[in-house]
Structures are given as C-alpha cells and as structure tokens.
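Scroll down for the structure; my scribbles are underneath it.
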Amino acid sequence: MSDEMTDAQKEAFAAKLRREVGNTGTPTTARDPVNQPMIRHWCDAMEDANPLYTDPDAAKRGPHQEITAPPAMLNAWTMIGLVPRVSDPEDPASGVYAMLDEAGYVGVVATNSEHVYHRYLKLGDHLTGVVKLVDVSDEKQTALGIGHFVTTETEYHDQHGNHVGSMFFRILKFRPGTGRTAGAIDGDSTTERPPRPRPSRNQNTDFFWQGSRGGELRIQQCLDCQRLQHPPGTRCPGCGATNMGHTVACGKGALYSYVVAHHPRVPSFDYPLSIGLVELEEGVRLVSNITDCGPDQLKVGMPLEAWHMQTHEDVSLPVFRPARLPRNLTTLAFDDVNVGDELPLCPIPLTPTLIVSTAIASRDYQDVHHDRDMATKKGSEDIFMNILTSSGLSARYVGDWAGSDAVFKNLKIRLGAPNYPDDCMTMSGSVTAKREADGEAIAEISFQGRNSRGPHVTGTVDVALPRA
Amino acid sequence: MTLKYAYHSAIAGIGATPFTKDSGRTPMDQAVEACLAACEDAGLPPEKVNGMVTYSAEQNPEIEVARNLGVDELTHFSMVHHGGGAACGVIAVACQAVYSGAADYVLCYRAFNERSWHRFGAGVQDRPAGAEATEVSFSWSSPFGLVTPASWVAMFATRYMHEFGATTEDFGRVSVVDRAFAATNPYAHFFQRPITLEDHQNSRWIVEPLRLLDCCQETDGAQALLVTTAERAKDLKQKPAVIASAAQGAAEDQHMMRSYYRDSITGIPEMGLCAHQLYQSSGLSADDIQTAIIYDHFTPLVLPQLEEFGFCQRGEAKDFIRDGHLERAGRLPINTNGGQLGEAYIHGLNGIAEGVRQIRGTSVNQIGNVENVLATAGTAVPTSALILSQPN
C-alpha cells in the first residue's frame with residue numbers, strides 16, 4: 001500500500017483523510033440511559049468496590065446523595081455496541097476510519113483518552129455524544145506499524161441539553177506487520193534463555209517443591225509444638241521432635257530486605273534482578289524474587305503477596321509481587337494530603353478474563369479485545385486491554401487510595417506497551433499538585449501502570465477532596 | 001570454656017608470591033613458593049615442618065605441597081571449613097596442634113588463580129542440582145538468582161542500612177581507607193592508586209547496595225604463614241608475633257553466607273562469639289588493640305565487625321567511620337596493607353601477614369606503638385579471628 005506510494009501520493013492521501021477535519025458528526029444518543037446493571041457489570045469487571053456506584057444507602061450518604069456511575073464510564077454509554085455494526089457515512093471520524101481500513105490500515109489501538117467531568121452521571125441520565133474530527137496525522141512509523149493518528153473530541157450532553165463531560169481521544173490506525181519491532185517484541189532474549197538453576201531437593205524438602213508446583217507455599221512445621229522453620233530441617237529446633245509436617249502459608253508478607261543484582265549476569269535471568277528476603281505473616285523468612293515492580297520501587301517493609309512462577313516442566317517457584325492493599329474506607333482530607341505523597345503500589349494481574357470482561361463491560365466489542373485470531377491477524381501478539389479499561393482501572397486505583405467520596409474532575413491517560421494476557425500491570429502514583437479552584441480543593445495525582453514490557457498507562461487525574 | 005593455648009604460639013615466618021591478575025603459573029607453584037618463603041623468613045629449613053593446615057576451597061593438597069617442599073613426615077594436617085571464614089581458623093588449629101604436641105612447625109597457606117582461572121566472584125551459578133545438604137541449601141537462593149558472594153552480602157547490607165541509617169557512603173569510606181593504605185604499599189595491586197568517596201559513589205552497581213568499589217579484588221597469588229610455639233620462635237630469625245589468642249565461631253541458625261533467618265540479621269553473632277573467646281582468653285579488650293585487619297571481602301560487613309569487637313556500639317559503626325577512626329591517624333587504623341580491596345584477596349591470609357609486620361614494626365604503613373593487632377576472617381560464613389601481640 002503506502003510503501004508503494006510516492007511522497008506526493010502520500011500527501012494526497014493525507015489531504016483526503018483531513019478533508020473533514022474540524023467537522024462534527026451526527027449526534028449519537030446512548031441506546032440506554034445510565035443504569036444500574038451496566039454500572040454493576042463495570043464495577044464487577046474492574047473490581048471497583050466503591051459503594052457509591054452500587055449501594056443506594058452508601059450513595060445517599062455520599063457527596064452526590066444518590067447512585068452515580070463511575071466517571072470513567074463516560075464514553076461507555078454511547079459506545080455503538082455489538083449490533084447494529086453500521087457506521088454513519090456522513091460522520092467525519094467514521095469516514096476517516098473507513099478510508100484507512102480500505103487502504104490497509106486495519107490495525108487499531110487507542111493511544112490517548114482525556115476525560116473532563118462536569119458532573120457525575122446519575123441513574124436515568126440519557127447521554128448524547130457529538131464527535132468532532134480534530135486531526136489526522138501524517139503517516140508515522142510507530143513501534144506497532146506504519147499508520148496515522150486520528151484525534152477526535154466528543155462533547156456529552158444529557159437529555160436536558162446540559163453539558164456533562166467531554167473527551168479528547170486519539171487512536172492509531174496502522175498496517176499490521178510494518179512495526180519496528182515486528183516479531184521481535186517477545187523475541188530472542190526470552191525464548192532462548194536457559195532455565196533457572198533447578199532447585200536441589202531431597203526427602204527433607206520435597207514437600208516444599210511439591211507444594212509450590214501446586215500453587216501452595218508450604219512451610220515446615222513441627223507436628224508436636226507447631227513451631228515453623230525455614231529452611232526446613234530434620235528436627236524441630238524448638239522441642240527436638242522429629243515429627244515434622246508443614247503448614248500452608250497464606251502468601252502474605254512484607255519485604256524484610258532486598259538486593260538488586262546487576263553483575264555478573266547469569267543468562268537465566270533478566271537484569272537488573274530484584275531479589276528479596278520476605279518475612280511471611282506466619283513469621284518465617286524466605287529468599288525470593290520481587291516481581292511486577294521496578295527495582296526503584298522496592299522498600300523495606302512493603303507488603304507483598306505470593307504467586308507461583310513456573311520455571312521448569314515440574315518446578316514452580318514461590319515469588320512475590322507488591323500486595324494489593326484494601327480499599328481506603330475513610331476518604332482522605334485535602335489537608336492531610338501532601339505533594340510528594342506516594343500512592344501504594346497496586347498489582348493488577350492481566351488475566352484473559354479481566355481483558356475480555358472489562359472490554360464487554362465497557363461495551364467495546366472490537367475483536368482485538370476478545371478474539372485472539374483476529375487480534376493476531378490485525379498485528380497484535382494477542383488480545384489486549386481496551387483503553388476504557390485502562391481508564392477504569394486507573395480511576396479505581398486512585399479512588400481506592402483517596403476513598404469513595406473523592407470526586408474525579410478529569411482523567412487523562414496515554415497508553416504505551418499493550419496489556420496482553422498473562423502479564424501483570426502494577427500501578428504506582430504520587431500527589432503532584434494541590435490547588436483550590438471554584439471553591440473546590442483539588443489534588444492532582446500522577447500515576448503509571450507498568451507491565452513487563454514497560455509503561456502501559458501514564459496519566460494524571462484531578463480529584464476534589466473533602467476538607468478535614 | 002577458655003582457650004588454653006592463649007599466648008602459647010607465635011607466627012614465626014611469613015611468605016608470599018607477588019599478587020597478580022594473571023600469574024601464568026599454577027597455584028601449586030605459587031603455594032610452594034609462598035611456603036618456602038615463609039620458612040626462609042623464619043630461618044627454618046622446610047624439612048623441619050611437620051604440620052600443615054589449609055582451608056576449604058584450597059585446591060593444593062597439603063601432601064603435594066609437602067612433597068614439593070621436601071617435607072618427609074607430617075604429623076598434623078587438617079582442612080578447616082568455610083573458605084575465607086577460616087583464615088584465622090587455620091591459625092587457631094595450628095595453635096592447637098603445636099600446643100598439644102601434634103606438630104612442631106605448622107605451615108598455613110592459601111594459593112590460587114582466582115582471577116585468571118576460576119573467578120571466585122562468579123559464585124555458584126554453575127552448580128548442578130543434587131540431593132546432598134550443601135546442594136539443597138542453595139535451592140533456597142540460587143533459583144531466584146541470588147548466586148554470588150556479593151549478592152549474599154548485599155542482603156545484609158540493605159537491612160543494616162534500613163535499621164541504622166547507614167548509607168552507601170559509609171561503605172565507601174571503608175573502601176577509601178583501604179585504597180589509601182594500598183596507595184603507599186608497593187606490594188598492593190592498587191599501589192599509588194588511591195580513590196575518593198566520589199570515585200566510590202560513581203562506580204557501577206554490582207548488586208545494590210554494593211558498588212564495584214565495595215567488592216574486593218580477585219587475585220592470583222599465594223600466602224603462607226609458619227606457626228610454632230612462642231618458645232621455639234625465639235630461636236628463629238624474626239621477632240615472633242605471639243598469638244595472644246585465636247578462635248573460631250559459628251552461631252545459632254548459621255548458614256553459609258545466607259544466615260537470613262535469625263531474629264536479627266544486622267549483627268554477626270559468630271564474630272561476636274570469636275570476640276568473646278579472644279577477649280576472655282587473652283585478657284585483652286578493644287582498648288588494647290592499636291590496629292586491626294578487618295576482613296573486607298565486601299565493605300558493608302566491616303561495620304558490624306567493629307561493633308561485635310566493641311570498638312563502637314551497635315549501629316554506630318557508621319559514626320565511628322565518619323569520624324575518621326579507621327584512617328592512618330585514627331583510633332583504629334585498619335587494613336594497613338590496603339586490605340583485600342587494595343592489596344590482594346588471598347582469603348584473609350595476606351591480612352594476617354600484615355598483622356605480623358605490624359608487630360615486627362616492618363609494615364610500609366607502620367602504626368606507632370603497636371602492642372596488639374586484631375585480625376578477623378571472612379564474614380557471613382562461620383568465621384574466626386585472632387589477636388597478635390608483642391613478645392614479652
């Protein structure tokens with residue numbers, strides 16, 4: 001296609017794509033008003049437990065006095081849904097997408113989403129969105145492929161014509177197989193890596209490795225005095241009994257000490273390599289890897305949770321990642337929040353179920369989010385998380401820290417490395433500004449979610465916090 | 001319990017090869033050269049030697065060294081466990097041998113090509129899995145990539161920093177002290193190459209929080225020491241360095257380099273056990289020590305050693321160091337040969353030889369009025385220590 005185009009042809013094609021820039025399309029009215037089932041479905045999929053979204057009693061006591069929709073759902077309401085899949089030929093943005101599809105730019109990823117919330121949506125609100133085509137970029141070489149960025153702005157109004165929110169949105173339409181890293185993202189470095197050193201084991205320690213193979217973290221326990229011991233021994237150091245069994249640890253612990261290895265490099269491992277000494281809630285310590293966070297995010301005392309990493313056909317190692325802390329039940333007061341405060345790390349395991357259920361909960365039926373064959377055909381390695389979910393999970397992360405009464409004023413995100421299944425994205429964030437505007441006390445939070453490939457989502461959010 | 005051989009024995013001879021990065025010779029060659037040099041230093045014909053003690057990781061069997069030395073009969077020979085942790089342990093065992101009458105003249109030695117042949121710093125990454133206890137012990141760390149001596153020590157260092165507020169600069173100050181002494185020791189690898197704290201802070205990470213300049217060298221070379229009774233030593237060529245005491249220690253829940261499971265991991269209880277034995281049997285205390293060889297395979301573990309021997313309170317070694325007490329004019333100049341960071345890494349034996357020189361008054365960095373010298377051995381492993389004193 002375009003690689004056979006001359007520069008003049010490329011310019012002509014871009015000009016054609018830009019013909020409708022500045023024009024708005026036909027208003028799209030949501031199929032359904034804001035409703036509890038869709039909200040509940042969203043909250044379940046996102047694991048967002050803020051009671052203001054689902055519990056009428058809690059909502060009555062909250063800042064809005066009634067049930068509201070999670071603000072990050074803003075553009076879910078007017079999503080076109082699964083059927084009918086027709087696009088309005090008069091719509092400027094749809095027209096550009098269709099032209100790009102026809103020219104072979106069938107791959108699609110969203111790269112930016114910036115919500116502004118004028119007010120929270122209540123049950124029964126019926127939204128209409130008007131999309132304006134803002135920009136179509138020149139052809140760009142990106143990591144995913146050669147393509148054009150298409151930028152739109154959508155204004156949302158309720159059934160009374162009141163302006164409730166807006167969205168700045170950018171997607172990349174690209175030609176599959178033309179990426180800089182095509183075929184090499186998961187490439188040689190991982191596939192040709194020799195396995196890790198095999199754990200040595202004997203009759204005294206088999207129970208541990210049998211347990212970890214089955215997803216259990218087993219700690220040796222004296223069956224007479226119940227004392228725990230790790231590493232295992234042949235006899236209880238407390239009472240001298242030889243009657244040794246084991247207990248299954250709950251997998252929660254805290255980082256007691258850690259190192260970050262750089263040299264020498266053993267080919268089995270990725271460097272820099274984080275290795276921790278983990279103190280389990282049960283009181284014993286063990287050496288393990290700290291996964292799903294950067295070496296610079298390690299802190300003595302940080303809460304951790306175990307998972308099991310398969311390293312050989314018959315071996316899994318118990319390793320640890322930052323623990324997801326419980327939701328903050330008391331909304332932070334503006335005066336108790338300081339610029340520089342760090343939000344606790346939060347891991348989000350990227351299961352296929354999470355990726356598919358959140359795509360559907362956000363009414364995003366693009367096949368690349370649930371159909372692996374179609375996703376690979378369109379230039380992805382696998383199905384990947386949709387941008388509404390990246391927004392929703394970011395909002396959940398900030399909301400779980402700030403507390404249920406924090407009011408989101410906006411939510412701006414930029415996407416990088418895709419969230420593919422069987423990885424883990426770990427959220428981190430900090431308070432980057434505080435200000436008072438229009439009688440509201442606003443804290444700005446900057447956050448990032450990183451997966452094993454790098455930053456997936458980077459963004460900021462303004463939340464209004466109650467006074468002390 | 002007290003050590004009955006206190007003040008009974010002495011180091012009568014020291015000998016070493018040049019310390020290099022690529023000797024071009026076999027370790028056996030170097031072992032024999034160092035042993036002959038120790039005998040010659042003492043003025044003892046090698047055939048009089050009848051005891052030999054070395055320590056694990058040594059690849060030159062004592063019987064082959066003896067054959068090359070022309071030693072016909074050995075009545076004591078032993079191998080002390082735990083590598084560098086046994087540096088003073090070999091002296092303790094030699095003391096026991098001459099005190100008991102099992103031997104008259106005992107050679108303790110270490111020889112290897114630790115840089116040009118098998119690199120010691122590479123750790124245990126190539127060890128195959130097995131079922132024996134030593135192999136199984138590595139299953140609790142190696143599958144996670146904790147495979148090098150630097151990484152094993154770094155785990156203690158992070159916790160020590162967390163509990164006591166020490167910084168990597170405090171570790172760096174140890175390195176700067178070592179290199180300052182090495183700079184004036186022509187025998188040191190880093191002769192005339194001192195470093196600044198800034199150099200230390202700019203050196204690359206090996207295993208955080210350890211930088212390159214926190215880690216000792218890897219060396220090709222050999223060192224030998226000749227131990228006999230203090231009485232016999234009087235008849236030899238050199239002023240005897242009397243062994244006031246020498247002791248070994250392994251403490252509760254001891255593991256090889258990874259004693260991570262104790263209630264506290266910021267002290268070195270096995271070194272405390274050595275300190276207790278040394279002080280009790282010799283009647284000396286920290287106040288009686290003018291200079292020390294503090295085992296410095298990695299700088300962070302120098303700090304708790306100072307605390308275990310009572311030169312400062314627990315957690316206060318960082319302040320002791322910041323106050324300059326380890327330097328040339330300080331309260332306790334350490335590692336006056338340049339230590340294992342500056343001179344050479346002969347698993348502690350070269351440091352003990354420096355202790356002997358301090359007693360003799362022949363160190364290139366001689367400290368004034370030395371009565372007693374402390375030397376310690378490898379930390380994180382079961383360890384050992386000794387005090388050398390002036391003959392009376």
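A:His126 falls short on exactly one of the conditions (1) assigned to a strand (DSSP E or B); (2) out of contact with any Leu (no Cβ under 8 Å at 6 or more places or on another chain), and that condition is (1). Contact list please: Cβ distance under 7 Å, first residue in the stretch A:14-26 and polar (S, T, N, Q), second residue open to solvent by less than 60 Å² (accessible area, probe 1.4 Å), pairs at least six apart or on different chains. The qualifying pairs are A:Asn23/A:Pro92; A:Asn23/A:Leu133; A:Thr24/A:Val130; A:Thr24/A:Val131; A:Thr26/A:Asp88; A:Thr26/A:Asp91. When B:Pro46 is tested against (1) open to solvent by less than 10 Å² (accessible area, probe 1.4 Å); (2) without any contact (Cβ under 8 Å) to a residue 60 or more places away in the chain; (3) not basic (Lys, Arg), exactly one condition is not met: (1). Quick check on my filter: what residues within the stretch B:143-161 are farther than 18 Å from B:Asp296 by Cβ and either among the acidic types (Asp, Glu) or open to solvent by 10 Å² or more (accessible area, probe 1.4 Å) (or both)? Matches in the stretch B:143-161: B:Thr158, B:Arg159.
If you filter the stretch A:451-468 down to residues that are of a type in the set (A, V, I, L, M) and buried (at least 20 other Cβ atoms within 10 Å of the Cβ), you find that the one that is nearest to A:Thr389 (Cα to Cα) is A:Val457. If you go through the stretch B:308-329, how many residues are touching a Lys or Arg at 6+ places or on another chain (Cβ under 6 Å) and open to solvent by 20 Å² or more (accessible area, probe 1.4 Å)? Within the stretch B:308-329, residues that are touching a Lys or Arg at 6+ places or on another chain (Cβ under 6 Å) and open to solvent by 20 Å² or more (accessible area, probe 1.4 Å) number 1.
Of all residues in the stretch B:202-220, those being in contact with a helix residue (DSSP H, G or I) (Cβ under 6 Å, 6 or more places away or on another chain) and either away from chain A (no Cβ under 14 Å) or within 30 Å of B:Val98 (Cβ to Cβ) (or both) number 1. Reported count of residues in the stretch B:108-125, each being surrounded by 18 or more Cβ atoms within 10 Å (Cβ to Cβ) and either small (Gly, Ala, Ser) or within 17 Å of the chain's Cα centre (by Cα) (or both), is 9.
Looking only at residues in the stretch B:77-96 that are of a type in the set (Gly, Ala, Ser) and in contact (Cβ under 8 Å) with a residue 60 or more places away in the chain, the one that is farthest from B:Gly121 (Cα to Cα) is B:Ala94.
Report whether or not A:Leu52 is in the same structural domain as A:Asp125 (by TED's automatic domain parsing), aliphatic (A, V, I, L, M) and open to solvent by less than 60 Å² (accessible area, probe 1.4 Å). Judged against the criteria, A:Leu52 is a match. Please work out if A:Val300 is farther than 30 Å from B:Gly165 by Cα and open to solvent by 10 Å² or more (accessible area, probe 1.4 Å). Here the answer is no, as A:Val300 does not meet what is asked. Here is the figure for the stretch A:220-245: residues that are open to solvent by 30 Å² or more (accessible area, probe 1.4 Å), within 23 Å of B:Phe138 (Cβ to Cβ) and within 14 Å of chain B (Cβ to nearest Cβ) total 5.
Of the residues making up the stretch A:237-255, one or more are at positive phi and modelled with pLDDT under 95.
Looking only at residues of the stretch A:246-256 that are closer than 20 Å to A:Leu298 by Cα and open to solvent by less than 70 Å² (accessible area, probe 1.4 Å), we find that the one that is farthest from the chain's Cα centre (by Cα) is A:Tyr256. Of the residues in the stretch B:118-127, at least one is more than 7 Å from chain A (Cβ to nearest Cβ) and among the aliphatic types (A, V, I, L, M). Could you look through the stretch A:257-285, keep only residues that are more than 7 Å from chain B (Cβ to nearest Cβ) and in a strand (DSSP E or B), and pick out the one that is most open to solvent (accessible area, probe 1.4 Å)? This residue is A:Glu279.
Among the conditions (1) under 22 Å from A:Thr358 (Cβ atoms); (2) in contact (Cβ under 8 Å) with a residue 60 or more places away in the chain; (3) touching a helix residue (DSSP H, G or I) at 6+ places or on another chain (Cβ under 8 Å), A:Ile67 misses just one, which is (2). The set of residues in the stretch A:312-337 that are more than 30 Å from A:Gly214 (Cα to Cα) and open to solvent by 60 Å² or more (accessible area, probe 1.4 Å) comprises A:Leu329, A:Thr330, A:Asp335, A:Asp336.
Taking the criterion of being buried (at least 19 other Cβ atoms within 10 Å of the Cβ), in a loop (DSSP other than H, G, I, E, B) and among the polar types (S, T, N, Q), would at least one residue in the stretch B:283-304 satisfy it? Looking for residues that are buried (at least 19 other Cβ atoms within 10 Å of the Cβ), in a loop (DSSP other than H, G, I, E, B) and among the polar types (S, T, N, Q), one finds none in the stretch B:283-304, hence no. Considering B:Ile289, B:Ile293, B:Ile243, B:Ile265, the condition of being in contact (Cβ under 8 Å) with a residue 40 or more places away in the chain and within 14 Å of chain A (Cβ to nearest Cβ) is satisfied by B:Ile265 alone.
Of all positions in the stretch A:311-320, at least one carries a residue that is in contact with a helix residue (DSSP H, G or I) (Cβ under 8 Å, 6 or more places away or on another chain), free of Cβ contacts under 8 Å to residues at least 60 places away in the same chain and facing another protein chain (nearest Cβ under 9 Å). Across the stretch A:165-207, the qualifying residues are those that are at pLDDT 85 or above, open to solvent by 60 Å² or more (accessible area, probe 1.4 Å) and touching a strand residue (DSSP E or B) at 6+ places or on another chain (Cβ under 7 Å), and the one among them that is farthest from the other protein chains (Cβ to nearest Cβ) is A:Arg170. Here is a check on your reading of the model: is B:Gly172 open to solvent by less than 40 Å² (accessible area, probe 1.4 Å), part of a helix (DSSP H, G or I), under 30 Å from A:Leu273 (Cβ atoms) and in contact with a helix residue (DSSP H, G or I) (Cβ under 9 Å, 6 or more places away or on another chain)? Yes.
The values are calculated or read from the model by the stated rules, or taken from the named source; none is laboratory data. This structure is a prediction, so every number in the text was calculated from the model and none was measured. Quick reminder, even Gly has a Cβ in these numbers, built from the backbone with ideal geometry, and neighbours come from all protein chains shown. Ligands, DNA and RNA are stripped out before the accessible areas are found, and what is left, the full protein with its side chains, is counted by its heavy atoms. Shrake-Rupley method; radii C 1.70, N 1.55, O 1.52, S 1.80 Å.
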